[in-house]
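Below is one structure; the comments refer to it alone.
Any read-out appearing in this document is the output of simple, stated calculations on the displayed coordinates, not a laboratory observation. Here the structure is a predicted model, which is why all the values come from computation and not from measurement. Using ideal geometry, Cβ is built from the backbone for each residue, glycine included, and neighbour counts are taken over all protein chains shown.
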Amino acid sequence: MNTTPAPAPPAADWEELVTSALLGTDRRTPPGHAPGQDAPVALLDAAAVETVRRRAGLCPARAAQRPEPAAPDTRPALPVAAARRLAMLLTDRPGTGGGGRRGTSPDLMELLPQWLTAANARGFAAPVQALPALLDAARGRTDLRPAALEFAGPRALWLARLNPDWRFALRATPGGGTALPDLDAPDQVQLLWQEGLFAERVALLAAIRAQRPSSARELLVTTWATERAEDRLMFLDSLRMGLTAEDEPFLEQALADRSRNVRATAAELLSALPDSALAARMAIRASACVAVDRTREEPGLVVEAPHECDSGMERDGVVAKAPAGRGERSWWLGQLVEATPLATWERRLGGRTPKEIVALPVADDWRSELHAAWCRAAVRQRNADWSRALLGTPSAPEAGGPGAVSLAERAKLLSTLGGGERADWVAGFIASQGLSEAFQLLGVCAVPWAAPLGRAVVDALNIARDAGSYPWSFSGVMGLAERCLDPAEASRLDGLLAVPDETEDAAPGAGGYWAEAFQRLVTTLRLRAAMAEELGAP
Amino acid sequence: MTQQGVRWTADQVLALAPDAASRKAGSKLGAAGPWSEAGSSDEGTVWGLCKGSGSKPYQTVVDIADTAGPAYKCSCPSRKFPCKHALGLLLLWASEDGAVPSGQAPGWAEEWLAGRRKRTEEKRAAGASGSPTAADPEAARRRAERRAERITAGAGELEQRLTDLLRTGLASAEQAGYGLWEETAARMVDAQAPGLAARARELGAIPSSGPGWPVRLLEECALLHLLDQAWLRRERLPDDLAATVRSRIGLPASPDGPPLRDLWLVLAQYDTTDPKLTTRRIWLYGTDSGRTSLLLSYGAAGRAPELALPMGLALDAEVSAFPGAGQLRAALGEQFAAPSPTTARPQGVTTAQAAVHYGEALRHDPWLDSVPVTLDRVVPTPDGDSWQLADTDADSALPLTSTARSRPGLWRLVALSGGAPVKVFGELGHRGFTPLTAWPEGAGEPVSLC
């Protein structure tokens, strides 16, 4: 203890005693030793008195510089039951035993992200004593960090400055935990923009872009010519947020950039502006390639892909060199169509609706190429009409297998639709195609799943069980269902909890495993319902 | 008392778990899913059926109103105590979502409870009529005399070792290493003086304990010498000091203080383990008397000791002190109600008063390593590589011990404070302060730091 012993004259005697003890009384006579006394015993006697005296005389130390108090957290405190729930969720950490088959009990760690999202949506403050466990959990799982740090609030950043293990929290928070300057103070903004670290400048640009899109662009223009190529790319990318026609002149200029990646990004941004000059140029080029074939009885599309990639095309962001295994002409066609405003086609192809256009047969095997490019355009331009047309009906036979549009593209197309429509489409898909291909599509649906979607998943699981397979063939969907099914659906599962009688063609023991999997699903749903209730209405 | 009144927090339940794996397994079972026919009685019994891997569900019952802390019974084969089912059941009961309704215990639970209550009654009746060991006082006296002779021989031998060491010098102890003191400790075990054995063993570790070791070695040698000498002259010591010396030597004693009834706040509960034994320390604070008492209970290696009093609860009970001046150790006597939540907090002092308190306690027991104190309005403050608790209203501070600095509880304390004053209970000694429990300023539940 680095406290001070009481001021007292025999301090020197203690030093003497220690020296004698180190050297041994044979070599050095201890202080205050009377002749005739056994020297070691005299030393121990004196040391015992001194030891007790030193300990009894200890005084407190001087206080060190006290830490600056943490910024106040004005959010309301968690309800008591929710705070208890959080303590339990944080107790279930990886590496605290367990393992093996999952059994019927819920995986609490999987529920933590959802719990955090709900708590953040309701604007609660984290209980301060839970902050160390919360920071440790976020340290181990990067996917948890944004939600965990938002919930942890200002005191977590205050803690992170005191503990090197939690430095990630400072890095993960824009500005490294130091507040951005007042955006209305041009001097401070200029200072940070001129002298800040790269991450600070990106954070600054994003913050300004979120409030006043044109100011961000004007700030960027002031130093554009002197930035390094990779920095230009990152800065340009931050214009993606709040992109408007006002950005067009700047982006047009960037089409002449020295860096190919910067040119490509500028072209991509311009093509997302349907009224831009670039979009118009691309529309002219693409229109020249696709036409209605009127020579046949049934109308169809003929495609004449470009024969060369001229310098004008390259300047507008078309990449001339095709990747290995792709034909040059189809590569160029794809890029032209992708960057063309979709409204172009309705005018060009005889006033047809997107649905009618997509239904037209395409000559000479160009269909996949053309439809894939339209899919990318629909996603880039967030065009729901075209997305709907390209998705087709979920029960169409080619929706599940290799059609003109892949599952990955369908998932992206779905993301342009409203939540309800998305869920209905996926529900229809599952009802007609089963679960084996549905995983990717379920991932883009809003949580909790809408009632028809939830019902379709449960029915499909039930069918899979009756078909006699093992539940772990569906563990991905089952895990998603635990996290995404609406807890209100739990009662619908009651009929599935019993162990069914084994039929002859069923896999041995599968019924028991299914019952276990459904029990876990119900338990998890009940737990999620309890969690939501503890947090109160949003 | 209502059901609501005795509900525990999840933390308090999880504190009963014997290890981390049980905590995790118990947490998972703390949801309604696997449970059926769960219920609880107003007398403080909780029961339920838990679906396991077999066809027959496990029968789990916990008696939380037992005077010696919660008692558990489960039909599962686990040798953990309490098992994950008992923990899960208590968590379910603690979670307040109506999963454990009030009711009448089913037959299988009632049977076990009735058996337990009957045994407790019998024990109490037997205790009142005198213990069976007092049957032959003459034989007991002879046994005690023989043991005292062996301890006296051991203390003499230990004195010889100490004077030999001081004659040749502590510098030689650095080369001697553990061996010498391990052997000495074994001789003290043979001499039936476990207190001397433990101190002798600790001497062996000091030369490798970092800078300043000669000072620490001299201090500990001197205190061991003091204990030897006190034992050899125990007849000439005042009764209280003689009792303290006997307990430091390691002689068993029985609590003989008058039973003190109070509403005892559980300040802290923590376990220390060595390969053979788990020792549980429970600090109690009498909310009327202001007294602080220590309950000790033991468990064989790997098993949690039976007595469990979750931090933050208060119990209406009698405790009796063990003999010895300034002795804080006590035994739990009769409990008049099950532990229940409270908002009571201990009285606190400044860092300077705490240091004085330790100094005064050394007058009664010079071998005392630390005393329990509650510090009022202190701020956890970084001090180089170390931490201290600094008074808000004065320029003085107590450093934390090195063990306290390496524990996760330190960060809970720092998080709780956020740079503002807090109330902290812990143990203060010559090595520094070890925080065990903290309360935020204003309202709020206590936070366990151990």
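Can you tell me the mean projection area, over all orientations, of the convex hull of the protein assembly as shown's alpha carbons? Units nm², please.
54.0 nm²
For the peptides B:101-113, B:12-24, B:254-266, what is the packing order when you average, over each peptide's residues, the other Cβ atoms within 10 Å and list the highest mean first? Write out the running numbers ahead of the final one.
Values: B:101-113: 14.3, B:12-24: 21.4, B:254-266: 17.3.
Highest to lowest by the protection proxy: B:12-24, B:254-266, B:101-113.
Once you order the gyration tensor axes a ≥ b ≥ c over the Cα atoms, which shape class does segment B:191-280 get: rounded for a/c under 1.5, otherwise prolate or oblate by comparing a/b with b/c?
The shape class here is oblate.
If you take the beta carbon distance between B:Thr343 and B:Ala300 as r and set R0 to 41 Å, what does 1/(1 + (r/R0)^6) give as a FRET efficiency, to the nearest 0.05?
My answer for the efficiency is 0.65.
Determine which residues of segment A:340-361 fall in the zone a paramagnetic label at A:Arg294 would reach in this model, i.e. backbone nitrogen under 14 Å from the point 7 Å along Cα→Cβ.
In segment A:340-361, the label zone of A:Arg294 (backbone N under 14 Å from the point 7 Å along Cα→Cβ) covers A:348-351.
Write down the Kirkwood hydrodynamic radius of chain B, to one decimal in angstroms, obtained as one divided by the mean of 1/r over all alpha carbon pairs. All intermediate terms of the calculation are to be shown ahead of the outcome.
Numbers: mean 1/r = 0.0409 Å⁻¹.
Result for chain B, one decimal place: 24.4 Å.
Based solely on its DSSP helices, what 222 nm [θ] is calculated for the protein assembly as shown when runs of n ≥ 4 H residues each add -39,500 (n - 2.57) and the sum is averaged over all residues, nearest 500 deg cm²/dmol?
-14500 deg cm²/dmol
Which distance in nm do the two modelled labels at A:Asp38 and B:Ala153 give, with both placed 7 Å along the Cα-to-Cβ direction?
1.9 nm
Can you tell me the FRET efficiency between A:Ser214 and A:Thr353 if r is taken as the Cβ-Cβ distance and R0 is 25 Å, rounded to the nearest 0.05?
Values: r = 36 Å, r/R0 = 1.45.
Working from the Cβ atoms, E equals 0.10.
Past the 25 angstrom mark, what percentage of all C-alpha to C-alpha distances in segment A:341-460 do you count?
Numbers: 1615 of 7140 pairs.
When every Cα pair of segment A:341-460 is considered, 23 percent fall beyond 25 Å.
Whose amide H sits under 5 Å from the amide H of B:Leu313, counting only residues 5 or more places off or on another chain, with H placed in the peptide plane?
B:Val266
Just to be sure I understand the model, the point goes 7 Å from the Cα along the line to the Cβ. What's the resulting B:Glu360 to B:Ser208 distance in nm?
Spacing of the two 7 Å Cα→Cβ label points: 4.1 nm.
Which whole number gives the average count of other chain Cβ atoms within 10 Å of the Cβ atoms across peptide B:88-95?
Across B:88-95, the average partner-chain Cβ count within 10 Å equals 2.
How much net charge surrounds B:Arg280 when only the other residues with a Cβ under 12 Å from the Cβ of B:Arg280 are counted, with Lys and Arg +1 and Asp and Glu -1?
Surrounding charge for B:Arg280 is 0.
Express in nm, to one decimal, how much length is gained between A:Ala343 and A:Arg315 on full extension, taking 0.36 nm for each residue of separation and deducting their alpha carbon distance.
Length gained between A:Ala343 and A:Arg315: 7.8 nm.
Over the alpha-carbon set of segment B:312-354, divide Rg by the Kirkwood Rh and report the Rg/Rh ratio to two decimals.
So for segment B:312-354, dividing Rg by the Kirkwood Rh gives 1.08.
Under Stokes-Einstein, with the Kirkwood radius over Cα pairs standing in for Rh, what whole-number D in µm²/s applies to segment B:265-362 at 4 °C and 1.567 mPa s?
Values: Rh = 14.8 Å.
Stokes-Einstein gives a translational diffusion coefficient of 88 µm²/s.
Of the cross-linked pairs B:Lys118/B:Lys276; B:Lys80/B:Lys118; B:Lys28/B:Lys73, which ones have a Cα-Cα span greater than 28 Å in the structure shown?
Violating the 28 Å limit, Cα to Cα: B:Lys118/B:Lys276.
What is the sum of charges, Lys and Arg at +1 and Asp and Glu at -1, for the other residues whose Cβ falls under 13 Å from the Cβ of B:Thr434?
Within the 13 Å Cβ shell, the charges total +2.
At 20 °C and 1.002 mPa s, what whole-number value in µm²/s does Stokes-Einstein give for the translational diffusion of segment B:45-118, with Rh from the Kirkwood sum over Cα pairs?
Using the Kirkwood radius from Cα pairs, D works out to 168 µm²/s.
If you take the beta carbon distance between A:Asp364 and A:Phe168 as r and set R0 to 56 Å, what does 1/(1 + (r/R0)^6) give as a FRET efficiency, to the nearest 0.05?
0.55
Determine the principal axes of the Cα atoms in segment A:183-292, then give the extent along each, sorted from largest to smallest and rounded to whole angstroms.
58, 26, 18
From the Cα trace of segment A:242-302, what convex hull volume per residue do you get, rounded to a whole Å³?
Dividing the Cα hull volume of segment A:242-302 by its residue count gives 105 Å³.
Just the number: Rg to Rh for segment B:271-310, Cα atoms, Kirkwood Rh, two decimals.
Ratio of gyration radius to Kirkwood radius: 1.10.
Near the amide H of A:Asp486, under 5 Å away, which other amide H atoms are found, from residues 5 or more places off or on another chain, if H is placed in the peptide plane?
HN-HN under 5 Å from A:Asp486: A:Trp449.
Sequence gap at least 6, Cα distance under 8 Å: using those rules, report the relative contact order of chain A to the nearest whole percent.
Once divided by the residue count of chain A, the mean separation gives 10 percent.
Once you have the alpha carbon radius of gyration of segment A:398-495, what is it after dividing by 2.2 N^0.38 Å, with N set to its residue count?
Ratio of Rg to 2.2 N^0.38 Å for segment A:398-495: 1.03.
Do you know the relative contact order of segment B:248-405, to the nearest whole percent, from alpha carbon pairs under 8 angstrom that are 6+ apart?
On the way: 310 pairs, mean separation 28.1, N = 158.
Computed value for segment B:248-405: 18 percent relative contact order.
From the Cα gyration tensor of segment B:136-241, with a ≥ b ≥ c the square roots of its eigenvalues, which class applies: rounded if a/c is under 1.5, or else prolate if a/b is larger than b/c, or else oblate?
Since a/c reaches 1.5 and a/b is larger than b/c, the shape of segment B:136-241 is classed as prolate.
So for segment A:261-338, considering every pair of alpha-carbon atoms, how many percent are separated by more than 15 Å? Working shown, then result.
Numbers: 1755 of 3003 pairs.
Everything past 15 Å amounts to 58 percent.
Work out which helices of chain A, taken as complete DSSP H runs, extend at least 18 Å along their axis over the Cα atoms and score a mean Kyte-Doolittle of -1.0 or more, then list them. Display every interim value, and only then the final one.
Details: long enough: A:11-23 (19 Å, 0.62); A:39-56 (26 Å, 0.46); A:108-121 (20 Å, 0.63); A:198-211 (20 Å, 0.86); A:367-380 (20 Å, -0.30); A:419-433 (21 Å, -0.07); A:451-466 (22 Å, 0.39); A:510-535 (37 Å, 0.12).
Both cut-offs are met by A:11-23, A:39-56, A:108-121, A:198-211, A:367-380, A:419-433, A:451-466, A:510-535.
With a ≥ b ≥ c taken as the square roots of the eigenvalues of the C-alpha gyration tensor of chain A, please select rounded if a/c is under 1.5 and otherwise prolate if a/b is larger than b/c or oblate if it is not? Before the final figure, lay out each step's value.
Details: a/c = 3.13, a/b = 1.69, b/c = 1.85.
Oblate.
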